[in-house]
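Report on one structure; see the data block that follows.
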Amino acid sequence: MAKKKNPEEKITTIKLLEETKIRIEKLREHKRESYDDILKKILYILNTARDSPEKAKRILERISELRNRMLEEEKQQKEDLKKENTLT
């Protein structure tokens, strides 16, 4: 369920090096996750790591599992599309 934007929330633009962007995207759990959501997640993990490094580690492991699942699904979709195109 999408969060409704508060009209008083301001949106800004930030510049990132391509390498930084790629590293941030490695924490993406699903295709539609925004950079804002990913950065909030990074900050949450950092704050959690201060008090509970093991919990932060579990969070990162879960993210890795979800990301691998997302990438596998994307790979399967591409293969399916490729098969469809060769049949037609």
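The values are calculated or read from the model by the stated rules, or taken from the named source; none is laboratory data. All of these numbers come straight from a predicted model, not from anything done at the bench. When we count neighbours, we look across all protein chains shown, and the Cβ atoms used for this are built from the backbone with ideal geometry, even at glycine.
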Exercise for review: With respect to residue 47, determine if the residue is surrounded by 10 or more Cβ atoms within 10 Å (Cβ to Cβ) and either at pLDDT below 95 or among the aromatic types (Phe, Trp, Tyr) (or both).
Suggested key: no
Review point. Where in the chain are the helices (runs of 4 or more DSSP H), entirely inside, with at least 1 residues that are out of contact with any Cys (no Cβ under 9 Å at 6 or more places or on another chain) and among the aromatic types (Phe, Trp, Tyr)?
Key: 35-51
